[in-house]
Amino acid sequence: MKLTRREFIATTSCALLVNSSPTAAGYAGKLCFFSKHLPTLDWQPLAQTVKRTGFTGIDLTVRPGGHVEPVRATEDLPKAVAAIRAESLEVPMITTGLLSAQDATASPILAAAGKLGISYFKPGYYKYAYVNIRREQEQAAQAFRTLVELGSQHKIQAGFHNHSSYIGGPIWDFAPFIEVLDARWAGYYFDPRHTVAEGGAGGWKSALLHIAPRIKMMAVKDFYWEKSAKGWRIKDCPLGEGMVDWKSVCQTLAQANFHGPISLHVEYEIAGKTAAEKDDNTLAAAVSDLAFLKARLAEAYV
């Protein structure tokens with residue numbers, strides 16, 4: 001369903017009543033909207049819009065092209081967080097593109113985030129060259145370790161995102177490097193969608209059970225495999241319409257006593273002839289996905 005901006009604002013009061021109800025049961029973490037999906041909104045309009053949809057937090061992009069540019073983190077991150085908190089929302093995590101502590105923006109970003117009481121950050125992605133994968137993994141692990149150490153100095157925890165097609169996409173190929181790090185400061189930004197894409201029928205279950213105690217944050221999105229003229233490909237879709245077994249995922253998280261932030265992503269195709277129309281439809285999709293997520297959490301966190 002396509003909504004105009006005016007229609008969306010008129011209907012979100014009802015959505016707020018639904019989504020702000022205690023349907024997530026015993027889950028005590030923050031349900032965050034990933035700010036990547038509303039790139040045209042400044043901090044205050046972003047916060048006001050996200051609040052209307054029933055989220056309790058924002059996963060804020062602090063990376064090139066994001067809501068806070070890395071080179072301006074010292075000046076702008078406090079302003080952005082203040083604008084969001086003024087709308088009674090939290091910023092429990094930030095998404096960065098950082099790959100090592102040697103990045104000139106790493107220390108300013110993590111220092112600013114630490115001073116603001118932001119608990120978690122997501123680093124960037126380490127790419128495979130597929131030449132010497134053992135060496136490539138070791139180099140990525142060494143770089144990630146420097147970020148963890150820097151984060152610990154500023155009291156902010158690193159969550160490694162298991163994104164398919166990158167190093168650590170298959171959880172098993174990077175888990176040994178994370179397990180040797182201090183669990184207070186290093187863990188996972190767990191992504192069920194990518195875990196299932198990389199883990200097939202049962203590999204994702206064993207991977208999730210293996211890392212569950214060290215999950216810091218979680219990204220939620222869904223997908224299925226689609227056969228096209230160019231062969232099989234991943235097709236992103238709304239929550240509950242794909243291959244992720246959300247009941248099993250949420251039950252495992254509840255058993256692990258996970259209460260970290262959950263960041264909702266709307267990665268599937270959204271219609272819209274204009275940027276404003278696309279924003280409206282993105283928000284409508286997010287409201288629907290959030291309701292689904294809360295229902296699954298309520299079933300698991302009892």
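The values are calculated or read from the model by the stated rules, or taken from the named source; none is laboratory data. Since this is a predicted model, take the numbers as computed values, not measurements. Neighbour counts run over all protein chains shown; Cβ positions are idealised from the backbone, glycine included. Ligands, DNA and RNA are stripped out before the accessible areas are found, and what is left, the full protein with its side chains, is counted by its heavy atoms. Shrake-Rupley method; radii C 1.70, N 1.55, O 1.52, S 1.80 Å.
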Would you mind classifying segment 201-302 by shape? Square roots of the alpha carbon gyration tensor eigenvalues, ordered a ≥ b ≥ c; an a/c under 1.5 is rounded, otherwise it is prolate if a/b is larger than b/c and oblate if not. oblate
In segment 80-184, what percent of the accessible surface is made up of carbon and sulfur (1.4 Å probe, ligands and nucleic acids excluded)? 51 percent
For segment 236-246, Karplus-derived ³J(HN,Hα) couplings (6.51, -1.76, 1.60; θ = phi - 60°; whole Hz; x for glycine and proline) come out as 6, 8, x, 4, x, 9, x, 8, 6, 8, 5
Determine the order of His163, His194 by accessible area, beginning with the largest, at a probe radius of 1.4 Å. His163, His194
Rg to Rh for the chain: what is it, with Cα atoms only and Rh by Kirkwood? 0.95
Counting only the heavy atoms of the protein chains, how much of Phe177 is accessible to a 1.4 Å probe, in Å² to the nearest 10? 50 Å²
Against the 2.2 N^0.38 Å rule of thumb, the C-alpha Rg of segment 54-197 sits at a ratio of 1.04
Excluding ligands, DNA and RNA, the carbon-plus-sulfur percentage of the accessible area of segment 194-282 with a 1.4 Å probe reads 50 percent
Output the peptides 226-232, 198-204, 25-31 sorted from most to least packed, where packing is the average of other Cβ atoms within 10 Å over each peptide's residues. 25-31, 198-204, 226-232
Within segment 255-272, find all residues whose amide N lies under 17 Å from a label point positioned 7 Å from the Cα of Lys247 along Cα-to-beta-carbon. 255
When every protein chain stays in place and a 1.4 Å probe is rolled, Lys216, Lys155 sorted by accessible area with the largest first are Lys155, Lys216
Tell me the accessible surface of Glu75 in square angstrom (1.4 angstrom probe, heavy atoms of protein chains only), to the nearest ten. 90 Å²
Quick check for segment 195-302: number of Lys pairs with alpha-carbon distance under 16 Å, counting only pairs 8 or more apart or on different chains? 6
Report, in deg cm²/dmol and to the nearest 500, the calculated mean residue ellipticity at 222 nm for the chain, where each DSSP H run with n ≥ 4 adds -39500 (n - 2.57) and the sum is divided by the residue count. -13000 deg cm²/dmol
Leaving out ligands, DNA and RNA but keeping every protein chain, what accessible area does Val287 have, in Å² rounded to the nearest 10, with a 1.4 Å probe? 30 Å²
Heavy atoms only, probe 1.4 angstrom, no DNA, RNA or ligands counted: give me Ser35, Ser248 ranked by accessible area, highest first. Ser248, Ser35
Considering Cα pairs under 8 angstrom that are at least six residues apart, work out the relative contact order of the chain and quote it in whole percent. 21 percent
How far is the Cα center of segment 176-234 from the Cα center of segment 34-105, in Å? 24 Å
Can you pull the Rg over Rh of segment 115-257, Cα-only, Kirkwood? 0.98
Starting from the 7 Å offset along Cα-to-Cβ, what nm value, one decimal, do you get for the label separation of Asp236 and Lys273? 2.5 nm
Can you give the accessible area per residue of the chain, in Å², using a 1.4 Å probe? 45 Å²
